[in-house]
Amino acid sequence: MIVTLFRYGAAAYGLVLQAFYPFDTLPFAITISDGAKESLKYQAHQLAYWSAVVSMSFLSIIFILSVWFIFVRSIVAFAMRIRPSFRESVEKRMAERRAKKETQDKKTPSKRAMWGYLLLNTAFSVATIGNDIIFNRPEDAASFKEGIQQRIEYLVEINRIIVRTQLSFLYIMVFLSLIFSLVRTGVRRYRQRRAAARATADEEGRLAPGEMVEIEVQVQQTTTHVLEGKLVDLSDGMDIMYEKMESYAAPASVNKAEEVLVEL
């Protein structure tokens, strides 16, 4: 919420500067020095540019996270269809989360308010990008259209850098999460096997061949159960992330009157 208010405040200040640009005639016959004029011009151009950069970052991260959510949800839905036990685990985890929410009595934002805030931020981002394209277009361009085109090409190149940076950060986070999860699972399974081996070392030597086959099947089932558990954790993690995004998009302080305004 604070970040959003800061964005709106910076954009409003930038629009005020642009309204009086190039500061030759100011209200109430105010006169300022040439140095102050240059400083205000610099602020106007920089605020328009950085507002566009932040807006492009917002739009690109929303797109990347949406694709990631769809990808993970598709995997989880497919696994739930072919593995009834996995479906039961996911539904059980979801029921536990719902029960925990009810006991904590947390106010969750409505879907209408969340989508309203998301659309509002998207429209604001598009507007700030368009403002930068017009205001910061090259002054030495042959025509207005050519200046707009040059500025769009420049912002597209900047957006490529932003997307590559965001994807690199996302890949690093996913990679580190996988490494941490694999190491933790490996250590846990190693300790369990070591403890089981010590406890049953004498008994395994007296097992019949048929009983050995049953043990191998149990090991395979345990491995499958571990994979299912990881998918359940992944699904649960996506739910938590989605709730965080809901809280950011529409804080719990949103009341019914605001929801009606969003609907209108």
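The values are calculated or read from the model by the stated rules, or taken from the named source; none is laboratory data. Since the model is a prediction, treat every value here as computed from it, not as a measurement. Positions of Cβ are backbone-derived with ideal geometry, glycine not excepted, and every protein chain shown enters the neighbour counts.
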(request) State which residue is farthest from Q46 (Cα to Cα) when the search covers only segment 113-158 and only residues that are under 19 Å from the mean Cα position of the chain (by Cα) and surrounded by fewer than 18 Cβ atoms within 10 Å (Cβ to Cβ). (result) W115
(request) Determine the pairs where a residue that is surrounded by 11 or more Cβ atoms within 10 Å (Cβ to Cβ), located within segment 87-100, has a partner that is modelled with pLDDT of 75 or more and in a helix (DSSP H, G or I) with Cβ atoms under 8 Å apart, the partner being 6 or more residues away or on another chain. (result) R87/M80; R87/R81; V90/V76; V90/M80
(request) Answer yes or no as to whether Y8 is aromatic (F, W, Y) and buried (at least 16 other Cβ atoms within 10 Å of the Cβ). (result) no
(message) If the requirement is being among the aliphatic types (A, V, I, L, M) and at pLDDT 85 or above, which of these qualifies: M94, M56, M80?
(response) M56
(request) State whether one or more residues within segment 28-35 are assigned to a helix (DSSP H, G or I), among the acidic types (D, E) and loosely packed, with under 13 Cβ neighbours inside 10 Å. (result) yes
(request) Only one of these is part of a helix (DSSP H, G or I) and either within 23 Å of G9 (Cβ to Cβ) or at pLDDT 80 or above (or both): S89, S85, S66. Name it. (result) S66
